[in-house]
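*Asks:* Got a structure here, written out as structure tokens. Questions coming.
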Amino acid sequence: MRKGILLIIGVFLTFFNSLLSQAPAPASFTSGTSTYTVPAGYIADLRVQVWGGGGGTTTGGSGARNGGGGGGYAEFTYLGVSGPITISLTVGVGGNNSDGGTSTFNGPGGTLSATGGGRGNATSGGSGGTGSGPVGTNINSGGNGGARTANMAGGGGGGAGGPSGAGNVGGAASGNTGGAGGASAGGGAGGKGENQDANPQNPGNGISPGGGAGGLGDNRGAVSGGSGMSADGGGGQIVVTPMNILPVTLIDFSVKNYDSQNHLYWSTASETNNDHFSIERSSDGRNFSVISRVEGAGNSSSRLDYRYSDQSPLPDVSYYRLKQTDYDGKFEYSSIVAVRDDAAKGHADVRYRPAQHELHIATPLAAYTISISDMSGKIVRTTSGYADGDLQLSVADLTPGMYVAIINGQTGTTNYRFSKL
């Protein structure tokens, strides 16, 4: 143990949070409106795949119909989604004598959506759906509905877009033979167009997710007494796959100065193969050195709280970070926190709370101005006002990276470097 450093380790179970929520799990949604949740205590990347519903085909007393369009496809990976967060989503329905429905996933940082295929009718095949989303979204369109042969057979439905590319166009009818359904690229295939014959069968429904419906054949109206039957497009789908779930979930890390010591506090919501934490300290927020080590719990599914006291803090400002190391040697760093010692009176005591994505400023600032700059010196945020006590400033909208908060008050100026996760 380094001279002048008193280690106080308090690790205990917090009874009101003794049962951790289930970790984020893969999920598939095939209808309606629903939600996907990343529970408190977890951070994960979310790969989201969205298919729109396939287009249907119209009914009619006479005249063949063109095929319905395949649903569009969109895929995006949301990085570092931190719980607790509940994300709303809607799955588009397959068209029934109508266009296919749009599927949407309202993820943090931007909505991911895939439109449904268009309805096939006597004039034209339904258009394939497309997609939209945040920058970097993979978008593949559905195939257009296949062409009919006039007054004879129906066109095939377009295939849905998918992760490997756009859906194929539905097959064109040939004479009295209905067109084949278009192949998909990882979604649902289009339905087959109806033949023209004396004993007509229903045109093929689109396959889920997102296949367009096959078109009606001409004889349907005559046999059905002028009330032809339509086919349905395949329903949409949303698939969520969590990845890179952190083995040790740090839900709080803070530091306070009192009695001429700096006291560090941190908590984990869960731990997997956690060997130890290294406590690192710096005078400038860039160059860190290890000052002590705290043993981890190994494996835990309950909240654990830790405490460490630095009896000999650096003059003025001390910056701290944690290095969490697994048994296999893999490691991750926490955000950086900082505090002034008691000798530096008249300055703001600033802490970054990563779980809440906010700066906590504890000082009677009265009138104040706060500017936040990135590491190039560009000011990305400025706010001012009046506070007679603690102040919380949200930084949730900042892009992850290093920043400096410059706090100007009646008692002086404080510069605080922090790492936005």
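*Asks:* If we sort 329-340, 373-384 on the protection proxy, mean other Cβ atoms within 10 Å, highest first, what's the order?
*Replies:* Listed from highest to lowest mean packing, they are 329-340, 373-384.
*Asks:* Now a separate question. Sort the following peptides by mean Cβ neighbour count (other Cβ atoms within 10 Å, averaged over residues), highest first: 161-174, 315-328, 261-274.
*Replies:* In descending order of packing, they fall as 161-174, 261-274, 315-328.
*Asks:* Moving on. Is there a quick way to get the dipole size of segment 249-387? I mean about its Cα centre, with the Cβ of Lys and Arg at +1 and of Asp and Glu at -1; what is the value in debye to the nearest 20?
*Replies:* In debye, rounded to 20, segment 249-387 gives about 380.
Taken together, the values in this text are just the output of simple stated rules run on the coordinates, not laboratory data. Here the structure is a predicted model, which is why all the values come from computation and not from measurement. We place every Cβ from the backbone using ideal geometry, glycine too, and count neighbours over all the protein chains shown.
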